[in-house]
Every structure is written in structure tokens, then in C-alpha cells.
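Inspection log for the structure reproduced underneath, given as C-alpha cells.
The values are calculated or read from the model by the stated rules, or taken from the named source; none is laboratory data. What you see is a predicted model; the values in this text were computed from it and never measured. We place every Cβ from the backbone using ideal geometry, glycine too, and count neighbours over all the protein chains shown. We work out accessible area using only protein heavy atoms, side chains counted, and drop any ligands, DNA or RNA first. Shrake-Rupley method; radii C 1.70, N 1.55, O 1.52, S 1.80 Å.
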Amino acid sequence: MVEVTLNQLPVHSALTMGKAETLTEFLNSCAAQVDNYIANEAIKAFVLTFDGMFERQLRRWSIEHHVREEDWKKLIKKCINIGSHRLAENKIDDVLIEMHDVANVVRHGDGPSCKKLRTHAPHLWGNPPFDCYDLVPGNVPVSDEIRIQSNDLRRYARAIFRFWGHMDTLPDAALDCSY
């Protein structure tokens with residue numbers, strides 16, 4: 001559903017800047033800017049949804065398993081230690097921590113999470129600067145320049161799936177996903 005939704009949003013590779021020769025060219029340029037902005041915001045909204053859902057479920061699960069920890073990174077690592085060493089070997093904790101940091105940056109903007117994320121995941125800022133042009137006057141916050149790609153969202157979804165698959169104590173638990 002998420003991928004289908006994102007694939008239906010038009011995205012333009014590079015936005016045209018400067019003076020338009022015709023009104024149609026100007027309006028097409030404006031429409032492209034709006035399309036890219038909406039696609040960028042939609043993928044951020046999905047990250048927030050994934051993270052919120054995962055955090056709520058994890059906190060509930062951790063209480064049932066007597067894991068008390070406020071620090072997100074430590075909580076993830078403690079829960080992984082209970083569930084499966086294979087999660088740690090596959091660095092699922094790093095992906096889940098990145099997802100949580102992305103959600104914090106999207107939610108709160110510039111701040112400690114943004115600085116930390118920019119250091120640990122610079123690829124999230126590696127896209128061309130003109131794929132989404134900020135029309136608001138003034139300096140653009142660093143947090144607004146984050147670009148989450150479909151592959152990033154897919155990594156987060158896979159990490160969540162793998163995490164819960166390895167935490168499942170029932171026989172024939174799904175340990176991986178095919179997408």
C-alpha cells in the first residue's frame with residue numbers, strides 16, 4: 001500500500017529555475033515544485049507512521065519482557081539481546097535507530113537528533129539541492145534538506161518486519177520479507 005501510494009505521486013528529476021518564457025512554462029514549473037514537495041512530505045509522513053507504530057509496539061513488548069530503558073538505542077539493543085543474536089549480526093538495530101532519528105528530525109527539525117543523524121547517515125542529505133525548492137524566505141533549516149528515498153523507507157519496513165519475526169516465539173515465524 002505504501003509503495004503503491006508513493007509510486008502514484010509524480011516526481012520530477014530536476015526543477016527548472018529562472019525566468020519562464022511562457023505562462024504555461026511557469027505554471028508547469030510551479031506544478032513540478034508542488035509535486036516534488038508533496039512526494040517529499042509523503043515519504044516523511046510514512047517514516048513517522050512506521051516509527052510511531054514500531055515504538056508503541058516495542059515499548060509495550062519491552063514492558064511485558066521486563067526491559068526498562070528510556071534511552072532508545074539502549075532499549076533496542078536490550079530487546080535484540082532477548083530476541084535473537086542474528087538481528088545484531090545483521091545490524092537491524094542500526095536501521096531501527098536511524099529510522100527513529102529520522103522521525104525525530106522530521107518531527108522536531110534542527111537540533112541534537114539532526115546533528116547526530118547527519119553525522120551517522122549523511123546519505124540522507126546526498127540528493128541534488130534542486131529536487132525540492134524551498135519557497136519560504138530566509139535560511140533553510142538543515143532538517144528540511146533531508147531526503148528520504150523509497151529504498152530508505154523499504155529498509156525501515158524490512159528492519160521492523162525482521163525484528164518482529166525474530167521476536168516471535170511461535171513455530172514458523174516469518175524471519176524475512178521478500179520486498
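Structure notes:
- Filtering Thr49, Thr24 for residues that are within 24 Å of Arg155 (Cβ to Cβ), assigned to a helix (DSSP H, G or I) and not basic (Lys, Arg) leaves a single hit, Thr49.
- Applying the set (1) part of a helix (DSSP H, G or I); (2) open to solvent by 80 Å² or more (accessible area, probe 1.4 Å); (3) touching a residue at least 60 places away in the same chain (Cβ under 8 Å) to Trp61 leaves exactly one unmet item: (2).
- Complete set of residues in the stretch 1-13 that are open to solvent by 70 Å² or more (accessible area, probe 1.4 Å) and among the hydrophobic types (A, V, I, L, M, F, W, C): Met1, Val4, Val11
- Just one of the listed residues (Glu98, Glu70) is part of a loop (DSSP other than H, G, I, E, B), out of contact with any helix residue (DSSP H, G or I) (no Cβ under 6 Å at 6 or more places or on another chain) and either closer than 18 Å to His166 by Cβ or not aliphatic (A, V, I, L, M) (or both), and it is Glu70.
- Which listed residue is open to solvent by less than 70 Å² (accessible area, probe 1.4 Å) and either closer than 22 Å to Met167 by Cα or touching a Ser or Thr at 6+ places or on another chain (Cβ under 6 Å) (or both), from Ile76, Ile43: Ile76
- Residue match in the stretch 123-135 (condition: modelled with pLDDT of 90 or more and more than 14 Å from Ile43 (Cβ to Cβ)): yes
- Only residues that are over 21 Å from Gln149 (Cα atoms) and of a type in the set (A, V, I, L, M, F, W, C) were counted across the stretch 51-101, and they come to 12.
- Tally of residues being surrounded by 16 or more Cβ atoms within 10 Å (Cβ to Cβ) and over 14 Å from Asn104 (Cα atoms) across the stretch 46-58: 1
- Members of the stretch 27-40 that are of a type in the set (Ser, Thr, Tyr), open to solvent by less than 50 Å² (accessible area, probe 1.4 Å) and either under 30 Å from Arg107 (Cβ atoms) or not in a helix (DSSP H, G or I) (or both): none
- Matching residues in the stretch 7-35 - criterion: being at pLDDT 80 or above and in contact with a Phe, Trp or Tyr (Cβ under 8 Å, 6 or more places away or on another chain): Ala20, Gln33
- For Arg86, the test of being within 15 Å of Met167 (Cβ to Cβ) and modelled with pLDDT of 90 or more is failed.
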